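S.K.: Please see the structure below; I have some questions.
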């Protein structure tokens with residue numbers, strides 16, 4: 001669940017955020033004690049509250065509730081006096097309150113004694129997931145809700161695309177690393193919504209807390225090529241250790257878009273097979289999309305790649321007229 005690098009970075013960010021909030025509160029406290037008469041004495045009395053409560057237990061259990069209630073009342077009275085002093089001096093009533101960005105978790109990121117992740121921390125992870133997935137900007141517009149079937153005029157095409165939409169939606173909503181991996185192969189002519197539905201899947205799966213990497217085939221193979229020429233022998237022996245390509249092997253869902261637009265060389269076919277095979281062995285899901293037909297896939301990437309795609313990937317055939325052109329005409 002969640003990208004490990006994102007998680008570590010956000011944990012550090014929350015620690016920094018909490019530390020800064022508490023430092024600012026200490027500075028305000030010192031300023032108030034130095035400039036407002038009576039504040040220092042009240043703060044000194046308030047600081048003894050916990051020790052006084054602890055001391056009540058030494059007096060035995062009889063009447064302990066009343067004694068503790070009395071201490072709380074005295075504490076509240078001191079706080080009220082302090083607030084009045086602040087207001088009379090021209091400061092806000094809550095001037096000495098620590099101001100966290102999230103008052104629910106106080107910028108710890110977790111609640112209920114650290115057992116439950118706070119909604120603010122989840123949100124930060126989701127937003128980071130959008131960016132690290134590679135398609136942060138696309139996710140704002142390319143959702144399941146914005147995928148329109150109105151551009152598919154032929155009833156047969158519309159029925160096929162409606163089925164693709166529901167399969168993609170169901171895939172995203174039920175995605176899990178606790179079940180056997182599910183792979184999708186989206187193919188068909190350009191401009192029919194393969195990227196749109198791939199993006200919608202990525203957004204939904206990220207929102208549900210999983211680590212997704214979405215990248216174009218050109219960039220994927222470029223990263224493999226870059227790692228190929230690195231001088232680190234260990235990385236060259238194991239592509240999964242490459243600085244750039246490691247994320248393609250490690251993420252919980254990999255989406256490779258526009259397969260086939262990259263330069264056709266034997267090395268890319270080898271990389272694609274290695275990627276498909278490695279993720280299959282690791283039990284990790286993958287989605288591939290392409291404008292190529294099955295016959296073109298075989299010619300470009302070899303029969304063994306096509307065999308893996310046909311045997312281990314659910315086929316989604318995209319049909320109809322170019323939606324981009326239809327949108328331009330409307």
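S.K.: Which count do you get for residues in the stretch 149-170 that are under 21 Å from the mean Cα position of the chain (by Cα) and either on the phi > 0 side of the Ramachandran plot or touching a residue at least 40 places away in the same chain (Cβ under 8 Å) (or both)?
M.R.: So the answer is 1.
S.K.: Of the residues 108, 130, only one is under 27 Å from residue 14 (Cβ atoms) and outside any loop (DSSP other than H, G, I, E, B); which?
M.R.: Every option except 130 fails the conditions.
S.K.: OK, next. Select from the stretch 134-148 the residues that are in contact (Cβ under 8 Å) with a residue 40 or more places away in the chain and not in a loop (DSSP other than H, G, I, E, B) and write down the one among them that is farthest from residue 3 (Cα to Cα).
M.R.: Applying the filter and picking the extreme gives 138.
S.K.: Which residues, counting only those in the stretch 274-293, are touching a residue at least 12 places away in the same chain (Cβ under 8 Å), under 28 Å from the mean Cα position of the chain (by Cα) and not in a strand (DSSP E or B)?
M.R.: 274, 275, 276, 277, 278, 279, 280, 282, 283, 284
S.K.: Give me the residue from the stretch 202-221 that is crowded, with 24+ Cβ neighbours inside 10 Å and in contact with a strand residue (DSSP E or B) (Cβ under 8 Å, 6 or more places away or on another chain) and, out of that set, farthest from residue 163 (Cα to Cα).
M.R.: Among them, the one singled out is 220.
S.K.: From the list 18, 28, exactly one residue is closer than 29 Å to residue 207 by Cα, modelled with pLDDT of 90 or more and either surrounded by 14 or more Cβ atoms within 10 Å (Cβ to Cβ) or assigned by TED's automatic domain parsing to the domain that holds residue 284 (or both). Which is it?
M.R.: The conditions single out 18.
S.K.: Hey, another quick one. In the stretch 111-122, which residue that is part of a loop (DSSP other than H, G, I, E, B) and either at negative phi or in contact with a helix residue (DSSP H, G or I) (Cβ under 7 Å, 6 or more places away or on another chain) (or both) is modelled with the lowest pLDDT?
M.R.: 115
S.K.: Please work out if residue 261 is crowded, with 20+ Cβ neighbours inside 10 Å and either at pLDDT below 95 or closer than 23 Å to residue 174 by Cα (or both).
M.R.: no
The values are calculated or read from the model by the stated rules, or taken from the named source; none is laboratory data. These numbers come from a predicted model, not from an experiment. In this analysis, Cβ positions are derived from the backbone assuming ideal geometry, glycine residues included, and neighbour counts consider all displayed protein chains.
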